[in-house]
Amino acid sequence: MKPDVLMLSPTRPAAQSRLEELFTLHRMDLAQDKPAFLARHGATCRGMVATGHITVDAGLLDQLPALEIISCGSAGYDAFDVDAIARRGIALTNASPALAQEVADMALLLAQVGWRNVVAADAWVRSGDWARKGAFPLQRSFRGRRLGVVGMGTIGHQIADLATAQGLQVTYWNRREKDTGYPFQPDLEQLARDSDILIAIVAGGPDTQGLISDRVLRALGPEGLFVNVARGSVMDEPALIAALQDGGLGGAALDVFWSEPNPDPRLIALHNVILSPHQGSGTVQTRDAMASLVVDNLQAHFTGQPLISAVDLTRS
């Protein structure tokens, strides 16, 4: 008998074919009457496929008495009640290993674009200013800058390694010090003060809401650049906008926002911010790898093998 798996969100075609081959799927994501569908199929489901923006709370788990594992297709699981999952002894996996390098690449790309003012340089050419006004103003060198990494998980470590290879000096903040080989700064405001560029890559959720505060942003200062490839919730967005407007912060490069897909119009109007539509992992290859990892984790669980990317719920 193939294990029953509840799908709360769709996945990529190749991964979907593997799921259909290996499991008895219950497509709640396609159901018109979801409560009725759950009442009919929930009791038999031993696995779940979901992404982190879909609510998985105690009320849902109560209708899934046989649930053993949740395989999350994203790195974040902000909408999951991890305490309820832990109390039930349900295993949780995520897709961090599959997207870590892609998001690290994006983080450093945004940092370079923001630091070297590439968008303004593009506009300088398109507008004809190059011909009318001459050479674009000289910019600051990226190599040798001081980078503060906020969050030293799987992706944060990839960012640190890539930044080091590009000649940046890396220090990090994390809720707990880790054996990373990089200097640890337990005071986030001091990390910002000591950095030219600050990249946020912490998990979302209530524990990190507003972590990048007005004090942190202004400690980074009028020459500093803030990059967010984490979640919009980790920054105090009104404070960020104010600091960008009054010169308290030099610039920002943002892949995430408080209100997606409709960022605050004040951000859109600013010239010292780079805007990206939450595409840190947005490549065909990486999204396929993330979806494949969802299947791999389920397969490992139901064949008695170690999980590939288990989330440690005691530290979430």
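For the reader, a short list of remarks on this structure follows.
- All conditions in (1) part of a helix (DSSP H, G or I); (2) touching a helix residue (DSSP H, G or I) at 6+ places or on another chain (Cβ under 8 Å); (3) farther than 26 Å from Gly156 by Cβ; (4) not β-branched (Val, Ile, Thr) hold for Leu6, with the sole exception of (1).
- Extreme residue, surrounded by the most Cβ atoms within 10 Å (Cβ to Cβ), among residues of region 33-65 that are of a type outside the set (S, T, N, Q), part of a loop (DSSP other than H, G, I, E, B) and in contact (Cβ under 8 Å) with a residue 40 or more places away in the chain: Cys45
- Pick from region 1-41, criterion closer than 16 Å to Gly73 by Cβ and small (Gly, Ala, Ser), ranking: nearest to the chain's Cα centre (by Cα): Ser9
- Residue satisfying all of: in region 274-308; of a type in the set (S, T, N, Q), within 18 Å of the chain's Cα centre (by Cα) and surrounded by fewer than 21 Cβ atoms within 10 Å (Cβ to Cβ); nearest to Cys45 (Cα to Cα) among these: Thr286
Every residue, every condition in (1) over 20 Å from Leu19 (Cα atoms); (2) within 13 Å of the chain's Cα centre (by Cα); (3) not assigned by TED's automatic domain parsing to the domain that holds His26, yes or no:
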residue	(1), (2), (3)
Met48	no, no, no
Gly52	no, yes, no
Ser71	no, no, no
Val82	yes, no, no
Arg87	yes, no, no
Gly114	yes, no, yes
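- Criterion: hydroxyl-bearing (Ser, Thr, Tyr) and surrounded by fewer than 18 Cβ atoms within 10 Å (Cβ to Cβ) - qualifying residue of Ser71, Ser17, Ser96: Ser17
- Yes/no for Asp255 being outside the structural domain of Ala75 (by TED's automatic domain parsing) and exposed (fewer than 15 other Cβ atoms within 10 Å of the Cβ): no
- Among the residues of region 289-316, just one is among the acidic types (Asp, Glu) and not assigned by TED's automatic domain parsing to the domain that holds Ala50, namely Asp312.
- Yes/no for Leu25 being free of Cβ contacts under 8 Å to residues at least 40 places away in the same chain, assigned to a strand (DSSP E or B) and on the phi < 0 side of the Ramachandran plot: yes
- Of everything listed in (1) farther than 21 Å from Leu108 by Cα; (2) assigned to a loop (DSSP other than H, G, I, E, B); (3) hydrophobic (A, V, I, L, M, F, W, C), the single unmet condition for Ala242 is (2).
Conditions (1) aliphatic (A, V, I, L, M); (2) in a loop (DSSP other than H, G, I, E, B); (3) buried (at least 21 other Cβ atoms within 10 Å of the Cβ), marked per residue:
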| residue | (1), (2), (3) |
| --- | --- |
| Lys178 | no, yes, no |
| Pro186 | no, yes, no |
| Ala203 | yes, yes, yes |
| Ala219 | yes, no, yes |
| Glu223 | no, yes, no |
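- Selected residue (only one of Gln101, Gln158, Gln139 is surrounded by fewer than 16 Cβ atoms within 10 Å (Cβ to Cβ) and touching a residue at least 24 places away in the same chain (Cβ under 8 Å)): Gln139
The values are calculated or read from the model by the stated rules, or taken from the named source; none is laboratory data. The model shown is predicted, which means the values in this text are computed figures rather than measured ones. Positions of Cβ are backbone-derived with ideal geometry, glycine not excepted, and every protein chain shown enters the neighbour counts.
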